[in-house]
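Report on the following structure.
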Amino acid sequence: MADPLVSVAALLAPSFARVAGRDDVDPVVRPSDRAHAQANGALPLAKLLGRNPRDVATEIVEAATADLAGIATLDVAGPGFVNVTFDAGFLAAQLAAIASEERLGVRPAAPSEVVVVDYSAPNVAKEMHVGHLRTTLIGDALVRMLDLVGHRVIKENHIGDWGTPFGMLIEHVIDLGGEVGEIDLTDPGALYKQARAKFDADDTFKERARNRVTLLQSRSDQATMDLWQRLVDQSADYFDVVYGKLGVLLRRDDIVGESFYQPMMPAVIDRLDAAGLLDESDGAKVVWVPGFQNREGEPLPLIVQARTGGFNYATSDITCVIDRVERLHATLLVYCIGTPQSQHLQMVWKATEMLGVLVPPARAVHVNNGNVLGDDRKILKSRSGEPAMLLDLVDAAIERGRAIVAERSPDLPTDERDELGRQIGIGALKYAELSTDRIKDYVFDWDRMLSFEGNTAPYLQYAHARIHSIFRRAGVDPVDVRAVVPVLGEPAEVQLALKVLAYDGAVAETLERWSPHRLCTYLFELAQDFTSFYDSCPVLKAPTDELRTSRLALAALTARVLAAGLGLLGIDAPERM
Ligand code: ARG
C-alpha cells in the first residue's frame, strides 16, 4: 500500500467500526490543505448515530492513535474532522520502498483477470478520422494501465471488414484488373468513393455488386475471397502506418474484425432460438430485449438476421461477446467506442446476458467518448469539409513539434531534433485528448496543446527533462541515489513526497473510472509540486551533503514517476529538451 492516504484509511477502519458498532463505515480520507490528510467520515457517522460529531471524532482518535503509532498523529479539528499528520520517517520509508520497485508502488489488481480491450476499430476501405483518435488513444492508455496492474490484456481491433459495401468494392477492383494497388495515404477511401459512384449511377454494376455480396457471404468462391483479402490487407497496411506514427500498441495480430465472427453466426442464431429468445418481426429474426423502446415508445427489437438471411452488426457483436467469454475466457470486456453506439452495446450485452453468457464474473463496460470539435463547435473538419483525417492530424502534430524544437534548440543535431520534435508533437496530441474528460466534447487547439505552460504534455515533458538536467549539472547518475532514504524536513518536501506516493492511487482511480484524465491531473499536480519544492528547497546548493543527496533522491523518484505516468499515456519523456 504505497499511497499513505490508503494506508491511513485502512488503519482507521477498525476504529470507525468499533465506534460505529458496524463495519461498513468509510473513514473518507482525503487530501487536505490544513493537514497532510483529513478523515471526514466522523461527520456522517455522528449523524447516523445521532451523536455529537466532535465526540465521535474524539472517540475515533483515541481508539486509533495506537494503531497509527509511527505512521501518523491524529487531531480533531473543526466540527468533527480528523486531521492526519504523517510521520516524516514513515513517508521516507515508503518513498524508499517504491523507489526499489519497478512499478513504483502501483499495486497489482486482485484478482488478475483476462481483460479484452476493444479499441480503435476503423473500417476497411475508409479513412481513419478524428473520431478514431479518441477511441484509439483512450484504449491504448487503458491497455497499458491494465497491463501494469497485472491483468492479462487482450487487445482487439474490431475492424469493419465485412458487409454489403464489399460487393461493390470487389466489383470495382475487378474492373481495375484485380489490383487494389498501394493505399493512397492522402485519400484512403478513394476506392470506396469510386465504387460508390458507379453503384449509384449504373444498374448493371449494382446488380453485379449484389451478386458479389452473396458470393462473399457464402465464402465459397476463392477468387472473391482473394479480392476481399487484398482490400483488407491494403487497409491494414494503412492502419499500421497510422498506429506506427502515433506510437500505439495495436499490431496486425490484434485485428479481429467483423468477418472473423461470420462463420460462427448461424450457430449463434440456433443458440438464441434454443434459448427461446428468437422471434420474427417483419420477416426478420429478432431478439426482444426488455427496456428498449423506439421513438414511438414501442418495444425495440434487436435484429440479428435480416429477411434476406444476412447477418448484421448486432449479430457480429453478439457473437463477439460469446467468443470473448467462452473462447478467450475473458471476465472483463472493455469497449472504447463513441457514445452514439451506447444503445447498440447495451442491447447486445443484454441479449448475451439473457443467453447466460455475459453473466458474473463476466461483465462489460462501455468506455464511451464525446467528439473532437473545431472552432465552429462542430466535429473537427479538414479543409475539404470532411471529418479531419487522423493521419493528417498526426503528421501536423509531428511537424509542429519539430518547428518548436527548431526554434528552441537550434543547436541540436538534426536527427535528435527530429526525434524530439516527434515526441513533443505526438505527446501534445495524445495528452490533449487524454487530459480531457472523455465523455465531454473538446475543442481542438494546436496552440494550447503545444504550450509549455498549463496542463499539457510539453509542460510535463519539460518538467521531467529539467530534473534530468539537474542531475547532469550535479554529475550524478539518478540510478545511484535510488537506495537513498530521503529526509523530509521542509513542508514542500513533505508535499512532494505525498504526491509521489499517490501515484498508485492515481492509477487505481483512473482504472476504476476508466478515465485517463485522472492520471493526467495527477501528473500535472506532481509537476507543480516539484516546482514548489525546487523553488523553496535548494538541491545542488543544499546546506549539507546529506540534504543534497536526499533532495536528489526525491527529484530522481519524481522524474521516474513522471516518465512512468507519461508512459502509461503512451507519451515519451525525453531526458533533454
Ligand atoms: N467499426 C465500428 C465503427 O467504426 C466500431 C466497432 C467497435 N467495436 C465493436 N465491437 N462494435 O463505428
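The values are calculated or read from the model by the stated rules, or taken from the named source; none is laboratory data. Computed from a predicted model, the values in this text were never measured in an experiment. For neighbour counting, all protein chains shown are included, and Cβ atoms are generated from backbone atoms with ideal geometry for every residue, glycine included. SASA here: full protein model, heavy atoms, side chains in, ligands and nucleic acids out. Shrake-Rupley method; radii C 1.70, N 1.55, O 1.52, S 1.80 Å.
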Residue list for region 349-374, filter: open to solvent by less than 70 Å² (accessible area, probe 1.4 Å) and touching a strand residue (DSSP E or B) at 6+ places or on another chain (Cβ under 7 Å): Trp349, Lys350, Ala351, Leu358, Ala364, Val365, His366, Val367, Asn371, Val372, Leu373, Gly374
Selection status of Ala63, of a type outside the set (Ser, Thr, Tyr) and part of a loop (DSSP other than H, G, I, E, B): no
Counted residues, region 320-345 - those being under 25 Å from Ala109 (Cα atoms), more than 9 Å from the ligand (Cβ to nearest atom), open to solvent by 10 Å² or more (accessible area, probe 1.4 Å) and β-branched (Val, Ile, Thr): 3
Qualifying positions in region 203-225 - open to solvent by less than 70 Å² (accessible area, probe 1.4 Å) and either of a type outside the set (S, T, N, Q) or under 30 Å from Glu419 (Cβ atoms) (or both): Phe205, Lys206, Ala209, Arg212, Val213, Leu215, Leu216, Asp221, Ala223, Met225
Single residue of region 47-56 satisfying the filter (hydrophobic (A, V, I, L, M, F, W, C) and over 39 Å from the mean Cα position of the chain (by Cα)) that is surrounded by the most Cβ atoms within 10 Å (Cβ to Cβ): Val56
Pick from region 465-479, criterion of a type in the set (Gly, Ala, Ser) and in contact (Cβ under 8 Å) with a residue 40 or more places away in the chain, ranking: surrounded by the fewest Cβ atoms within 10 Å (Cβ to Cβ): Ser469
Subset tally (residues that are buried (at least 20 other Cβ atoms within 10 Å of the Cβ) and outside any loop (DSSP other than H, G, I, E, B)) for region 375-390: 2
Residue match in region 283-292 (condition: surrounded by 14 or more Cβ atoms within 10 Å (Cβ to Cβ) and within 11 Å of the ligand (Cβ to nearest atom)): no
Within region 27-43, tally of residues that are at pLDDT 95 or above and either open to solvent by 60 Å² or more (accessible area, probe 1.4 Å) or touching an Asp or Glu at 6+ places or on another chain (Cβ under 6 Å) (or both): 1
Subset of region 391-432 that is polar (S, T, N, Q) and assigned to a helix (DSSP H, G or I) - its residue that is least open to solvent (accessible area, probe 1.4 Å): Gln423
Count of residues meeting criterion [part of a helix (DSSP H, G or I) and of a type outside the set (Gly, Ala, Ser)] in region 567-577: 1
From Arg252, Arg271, residue being touching a residue at least 60 places away in the same chain (Cβ under 8 Å), open to solvent by 60 Å² or more (accessible area, probe 1.4 Å) and out of contact with any Phe, Trp or Tyr (no Cβ under 6 Å at 6 or more places or on another chain): Arg271
Matching option when the condition is closer than 19 Å to Asn455 by Cβ and either open to solvent by 40 Å² or more (accessible area, probe 1.4 Å) or in contact with a helix residue (DSSP H, G or I) (Cβ under 6 Å, 6 or more places away or on another chain) (or both), among Pro516, Pro486, Pro491, Pro538: Pro516
Residues located in region 450-464, provided they are buried (at least 19 other Cβ atoms within 10 Å of the Cβ) and either hydrophobic (A, V, I, L, M, F, W, C) or closer than 18 Å to Pro538 by Cα (or both): Leu450, Ala457, Leu460, Ala463, His464
Asp437 vs. criteria in a loop (DSSP other than H, G, I, E, B) and either at pLDDT below 95 or open to solvent by less than 20 Å² (accessible area, probe 1.4 Å) (or both): no
So Asp282, is it more than 36 Å from the chain's Cα centre (by Cα) and of a type outside the set (Lys, Arg): yes
